[in-house]
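S.K.: The structure follows.
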Amino acid sequence: MIAKIFAVGSVAAMFLTGCCDKRASCEDCSKYEEKSAAVPAESRELPERPQESLSLWNDHAPAKDSLEAFVRATTDSTSPDFIPAERRIAVFDWDGTLFLETAPTYFDWMLFEHRVLDDSTYKPSKKQLKAAREGREKKIFPGLSAERERMVAEAYKGMTLSEFESYVRAFMQEPQLGFTGLKRGEAYYKPMVEVVKYLTANGFTVYVSSGTERYTMRPVVVDGLGLPPKQIIGSDVVVVSSNQKGADGLAYTFQNGDNLVLAGQSIIKNLQTNKVTTLASEIGYQPVLAFGNSGTDASLLNYAISNNKYRSMGFMLLCDDLEREYGNEAKADKMRTASEKNGWIPVSMKNDWKTIYGEGVQKAK
């Protein structure tokens, strides 16, 4: 969504030039008030004001204050840090930054386990069955590898895109493990959803860029954040026509009545520098805000703050809440150190947020 950019009239601009840095919000700046009063109210156009609020964040949380100051400065058309609306690009990682990844693991892997172990219509391979059982029974989850991506992609081979979306949506309605009062598709960090809405209201275009496969993530993000599919970037898999029968895409003409089908092959894992290159190809603009939660998001945050022609910031979530969430202090300490080293703003789930999943949601005992 592109917010309206208020133009400052030539007369108003003369009086606003050089006013104090607090002009966007202060009421006690007599210098600004006196000069503004000299312009008739009906003809005076003021700079944009930040909209919405971050009410689920604790007052004066450092990350909250930093973000609000950034938004005030970059949306004020009289500020030297003003960013045109079309260049206000904010990019968020998904798992662990916006959405639960710790009860016990990522959404896409839990969907894979469900497909292999609970879906009687699917006949898994021995490798798939072994991996799914180890995940569910022993809490052993495969690390990043081509073999892991291949197993997951193959689990949905032959499904049309609409069938797969329905499959994901049905899984979204299942109770979320590790919590009461929460469905799988609802497991968003409420304070971060608030950030997305806050930025959108202030003329930022928000993208989600995740290592989770694109078609898996889409229905969860569309429903949970209200973003259109074109602003959702994930790992990619091969999609073919239902009647293509192995022919190269250059040699086959899509026919009336064809459906798009998952081919069971992965293409690219959207992590680390791959996140940067996909942003360059799909957005075409360097983001000015980036949010992540792990080392695989380091490239994304560094891309936002490196050699940027506009004021920019990177924020790193710390999974340091052990009471309301299944945190990891060692990982949180590692990301805190990385933030200090790289110039990112740390976000403490424990200290900065009033809630994580909202009222009525409890961590299972």
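The values are calculated or read from the model by the stated rules, or taken from the named source; none is laboratory data. Predicted, not measured: the structure shown is a model, and the values here were computed from it. Note that we place each Cβ from the backbone using ideal geometry, even for glycine, and neighbour counts take in every protein chain shown. Please note that ligands, DNA and RNA were not included when accessible areas were found on the heavy atoms of the full protein model with its side chains. Shrake-Rupley method; radii C 1.70, N 1.55, O 1.52, S 1.80 Å.
S.K.: Quick check on the range 97-149: of everything there that is of a type in the set (Gly, Ala, Ser) and assigned to a loop (DSSP other than H, G, I, E, B), which residue is surrounded by the most Cβ atoms within 10 Å (Cβ to Cβ)?
M.R.: Selected residue: Ala103.
S.K.: Filter the range 237-255 for residues that are without any contact (Cβ under 8 Å) to a residue 24 or more places away in the chain and buried (at least 16 other Cβ atoms within 10 Å of the Cβ) and give the result.
M.R.: Val240, Ser241, Gln244, listed by residue number.
S.K.: Are any of the residues in the range 260-275 at positive phi and within 18 Å of the chain's Cα centre (by Cα)?
M.R.: The answer is yes, given that some residue of the range 260-275 is at positive phi and within 18 Å of the chain's Cα centre (by Cα).
S.K.: I would also like to ask the following. Considering the range 321-365 alone, what residues qualify as being closer than 19 Å to Val193 by Cα, at pLDDT 95 or above and among the acidic types (Asp, Glu)?
M.R.: Selection gives Asp321, Glu325, Asp352.
S.K.: Considering only residues that are open to solvent by 20 Å² or more (accessible area, probe 1.4 Å) and within 12 Å of the chain's Cα centre (by Cα), which ones fall in the range 216-225?
M.R.: Arg218, Val222, Gly224, Leu225
A quick yes/no check of all residues on (1) in contact with a Lys or Arg (Cβ under 6 Å, 6 or more places away or on another chain); (2) within 17 Å of Pro191 (Cβ to Cβ); (3) small (Gly, Ala, Ser):
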{"position": "Lys275", "(1), (2), (3)": "no, no, no"}
{"position": "Ser281", "(1), (2), (3)": "no, no, yes"}
{"position": "Ala298", "(1), (2), (3)": "no, no, yes"}
{"position": "Ile305", "(1), (2), (3)": "no, no, no"}
{"position": "Phe315", "(1), (2), (3)": "no, yes, no"}
{"position": "Glu323", "(1), (2), (3)": "no, yes, no"}
{"position": "Lys334", "(1), (2), (3)": "no, no, no"}
{"position": "Met349", "(1), (2), (3)": "no, yes, no"}
{"position": "Glu359", "(1), (2), (3)": "no, yes, no"}
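S.K.: Same structure again: Could you please tell me which pairs satisfy a Cβ distance under 6 Å, a separation of 6+ or placement on different chains, a first residue in the range 179-204 that is free of Cβ contacts under 8 Å to residues at least 12 places away in the same chain, and a second residue that is buried (at least 22 other Cβ atoms within 10 Å of the Cβ)?
M.R.: none
S.K.: To continue, here is another question. Answer yes if at least one residue in the range 199-215 is within 17 Å of Lys157 (Cα to Cα), in a helix (DSSP H, G or I) and under 13 Å from the mean Cα position of the chain (by Cα), and no otherwise.
M.R.: yes
S.K.: Follow-up. Could you pull out the residue among Ser281, Ser294 that is surrounded by fewer than 18 Cβ atoms within 10 Å (Cβ to Cβ) and hydroxyl-bearing (Ser, Thr, Tyr)?
M.R.: Only one candidate passes the filter, namely Ser281.
S.K.: Does Lys309 qualify as being open to solvent by 50 Å² or more (accessible area, probe 1.4 Å) and on the phi > 0 side of the Ramachandran plot?
M.R.: no
S.K.: Does Lys197 qualify as being in contact with an Asp or Glu (Cβ under 9 Å, 6 or more places away or on another chain), open to solvent by 30 Å² or more (accessible area, probe 1.4 Å) and farther than 24 Å from Val347 by Cα?
M.R.: Judged against the criteria, Lys197 is not a match.
S.K.: Right, next: Among the residues of the range 53-85, which ones are in contact with a Ser or Thr (Cβ under 8 Å, 6 or more places away or on another chain) and either part of a strand (DSSP E or B) or surrounded by fewer than 16 Cβ atoms within 10 Å (Cβ to Cβ) (or both)?
M.R.: Asp81
S.K.: Looking only at the range 210-236, which residues are among the aliphatic types (A, V, I, L, M) and without any contact (Cβ under 8 Å) to a residue 60 or more places away in the chain?
M.R.: Result: Val222, Leu227, Ile232, Ile233.
S.K.: If you go through the range 312-365 one residue at a time, how many are surrounded by 14 or more Cβ atoms within 10 Å (Cβ to Cβ) and on the phi > 0 side of the Ramachandran plot?
M.R.: Final tally of qualifying residues: 1.
S.K.: What tally of residues in the range 307-342 results from selecting those that are polar (S, T, N, Q) and in contact (Cβ under 8 Å) with a residue 60 or more places away in the chain?
M.R.: Total meeting the criteria: 1.
S.K.: Can you report the number of residues in the range 226-236 which are in a loop (DSSP other than H, G, I, E, B) and surrounded by fewer than 19 Cβ atoms within 10 Å (Cβ to Cβ)?
M.R.: Counting residues in the range 226-236 that are in a loop (DSSP other than H, G, I, E, B) and surrounded by fewer than 19 Cβ atoms within 10 Å (Cβ to Cβ) gives 2.
S.K.: Any residue in the range 171-184 that is β-branched (Val, Ile, Thr), more than 30 Å from Ile89 (Cα to Cα) and open to solvent by 50 Å² or more (accessible area, probe 1.4 Å)?
M.R.: Within the range 171-184, one or more residues are β-branched (Val, Ile, Thr), more than 30 Å from Ile89 (Cα to Cα) and open to solvent by 50 Å² or more (accessible area, probe 1.4 Å).
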